[in-house]
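S.K.: Attaching a single structure in C-alpha cells format; questions to follow.
Values in this text are rule-based calculations from the coordinates and carry no lab data. Only a predicted model underlies this, so the values are computations on that prediction, with no experimental measurement involved. Using ideal geometry, Cβ is built from the backbone for each residue, glycine included, and neighbour counts are taken over all protein chains shown.
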Amino acid sequence: MLTRADLAKYPFLAEASDYVRELGFSIDEIAAPEFGPVLDRAEKRLEEALSKGQVSNDSISESTEILSFPVSNLILGLVGEERARRRFALAEAKRAYELLRQETPEKIEHIASKTFGWKLKRLDVRLVRRFYDFAVNLTDYLHNSIHLREPRWSLSNRVMDQGFVYVTREEAARLIEEEVRARILERSSKPPGEIPRQLGSRVERARGLVIKWLGVPAHYELPSVPMPEAMPPCVRHLIDSLNEGKNVQHMGRFTLASFLLNIGTGEEEIVKAFKPATDFSERMTRYQVEHIGGRRGGRTKYTCPMCTTLKTHGVCYKPDELCDTIRNPLSYYKKKSRILTNKGLKREPS
Ligand code: SF4
C-alpha cells in the first residue's frame, strides 16, 4: 500500500521506522561524509519548525527525507527544550495534514487504522451538501477532536450513526494531524542518556536556534505589568501554559492580550508574552494585539471577557475567594491591587 515516497512524506509511520531499522544505521555512522545531507536536512527541519512553524516538503531524496526525521527527533531530545519539542511536533503534524488532505481515501484509511489503530469505515455519502468519506469510531473521534475548539467539531454538530461519526476527507486528515503531533512529542521525549560525540556540534547549533527563534526560556517570568501580584488565577495560568509550550486556544489568547492591554501593559511586552507559544508568529501576534487594542480593523478597543464566558470556554482556572466577588478578571486585578496597596505591597517604579 505504501511506497518509499509515502514514507518520505510521512516519516512518523511505523513502516518508516522499519525502513530505517532495515538500513541498519548506527549512531557511530552519523559522522560519515555520506550522512552529511541527512544531518543538514534534520537541522533544516528543526529550523523551519522553529522559525516558520511548518516544515517544508523540499526533499533532496526520499531516503534523506526518511532518515532525517528520526535524527531531528534525536537532536531535539538531546536539546531537551519542551517548547522546541512542542513546536516541532506541531510543525511536522501540520506538514502531514497538508499532504494527507490530498491523499486518496484508501491511503488515509490505511494510515489511520494501521498506524494509529483507529476503527473507521469507508463511506460514500452526500448529506446536506457535504461529502463524507469516513465514519470514525466515537472514541477515536473524541480522543483527537477534544482540543479542537471550532464549533464544527462539537458532537452536537456532527452526523452520527451507531457509535461512528461521519467525517469528510479533510476532517479525517485534521484528526490524524492531532495523532501525529502526539506521537512526535512522545518520540522526542526519550533522549539517549548522553550526547553522542558525533552530534555535539549539531545539538549546540540547535540550542542556538531555539534561543534565536523562541527566545531565552522565560521560566515563568511574568510580563512586566504594573502589579503582577494582582493578576487573577486564570491569567497567571495562561502565562504559565504559554511558558511551558502548551497549546493555548483562541479564547485564552484573546483573554490574555485584552487583559494585559487593559491594565496598561505595553504592546511589545504583550508580544513577548506570546513568544513561547508553539505556533508563535511575531507578525500575526503583533497584528492581533494591535487589533485588540483598537489600532487596526474597526478601531474598537476590546475589553477582557466576563468570567461567565471564560468559564464556558474552560479559561477560568482555580478561582480563589476574591473571584467570588467579581465578574471580570479586570475587576479582580483592580480589587487585588487595592488590597495589596493597602498592605504596602505596591511595586516600586522601575
Ligand atoms: S473567576 Fe474570573 S477572574 Fe477568577 S479565575 Fe475565573 S475567570 Fe479568572
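S.K.: Over the residues of the range 17-76, compute the C-alpha Rg and express it relative to 2.2 N^0.38 Å.
M.R.: After normalising by residue count via 2.2 N^0.38 Å, the value is 1.09.
S.K.: While we're on this one: If you average the C-alpha positions of the range 65-86 and of the range 103-130 separately, how far apart do those two centres end up, in angstrom?
M.R.: A separation of 30 Å, based on Cα centres.
S.K.: Turning to a different aspect of this structure: For the chain, what does the relative contact order come out to in percent, with C-alpha contacts under 8 Å and a separation of six or more?
M.R.: The value is 17 percent.
S.K.: Just how large is the dipole of the range 100-182 about the Cα centre, in debye to the nearest 20, putting +1 at every Lys and Arg Cβ and -1 at every Asp and Glu Cβ?
M.R.: It works out to roughly 180 debye.
S.K.: If you don't mind, another one. Mind pulling the angle between the C-alpha long axis of helix 250-262 and the longest principal axis of the chain? Nearest 10 degrees, somewhere in 0 to 90.
M.R.: 30 degrees
S.K.: Evaluate the charge dipole of the range 228-342 about its Cα centre and quote only its size in Debye, nearest 20, assuming +1 on the Cβ of each Lys and Arg and -1 on the Cβ of each Asp and Glu.
M.R.: Here the range 228-342 has a charge dipole of around 380 debye.
S.K.: Need the full-extension length gain, LYS212 to MET306, defined as separation in residues times 0.36 nm minus the C-alpha distance. One decimal, nm.
M.R.: 30.2 nm
S.K.: Shifting gears a bit: What is the distance, in nm, between label points placed 7 Å from the Cα along the Cα-to-Cβ direction at LEU142 and at GLU29?
M.R.: The answer from the label model is 4.6 nm.
S.K.: Next question, about the same structure. Which whole-percent values make up P(r) of the range 268-350 when all C-alpha to C-alpha distances are grouped in 5 Å steps starting at zero?
M.R.: 3, 12, 14, 15, 20, 20, 12, 4, 0
S.K.: If you stretched the chain out fully between SER61 and ARG158, how much longer would it get, using 0.36 nm times the residue separation minus the C-alpha to C-alpha distance?
M.R.: 30.8 nm
S.K.: Once Rh is set to the Kirkwood radius over Cα pairs, what Stokes-Einstein translational diffusion coefficient, in µm²/s, holds for the range 222-272 at a temperature of 25 °C and a viscosity of 0.890 mPa s?
M.R.: For the chosen part, D equals 223 µm²/s.
S.K.: Please give the contour-minus-distance gain from THR325 to GLU106: 0.36 nm per residue of separation, less the Cα-Cα distance, rounded to one decimal in nm.
M.R.: Full extension of this stretch gives 73.2 nm more.
S.K.: Now for a separate question. Over 32 Å between Cα atoms, which of LYS107/LYS311; LYS107/LYS272; LYS44/LYS318; LYS44/LYS275 qualify?
M.R.: Beyond 32 Å: LYS107/LYS311; LYS107/LYS272; LYS44/LYS318.
S.K.: Please report, to one decimal in angstroms, the Kirkwood hydrodynamic radius of the range 38-149 built from all distinct Cα-Cα pairs.
M.R.: After inverting the mean inverse Cα-Cα distance, the result is 16.1 Å.
S.K.: In 5 Å bins starting at 0, how do the alpha-carbon pair distances of the range 100-182 split up by percent?
M.R.: 3, 15, 31, 28, 18, 5, 0
S.K.: So how far, in whole Å, is the C-alpha centre of the range 276-321 from the one of the range 7-39?
M.R.: 43 Å
S.K.: Within the range 104-142, what residues put their amide N at less than 14 Å from the label point 7 Å along the Cα-to-Cβ vector of GLU170?
M.R.: Output list for this probe position: 129-133.
S.K.: Determine Rg/Rh for the chain; Rg is computed over alpha-carbon atoms and Rh is the Kirkwood hydrodynamic estimate from the same atoms. Don't skip to the end; give the middle numbers.
M.R.: Working: Rg = 23.1 Å, Rh = 22.6 Å.
A ratio of 1.02.
S.K.: Using unit Cβ charges (K, R positive; D, E negative) and no other charged atoms, how large, in debye to the nearest 20, is the dipole of the chain about its Cα centre?
M.R.: 1700 debye
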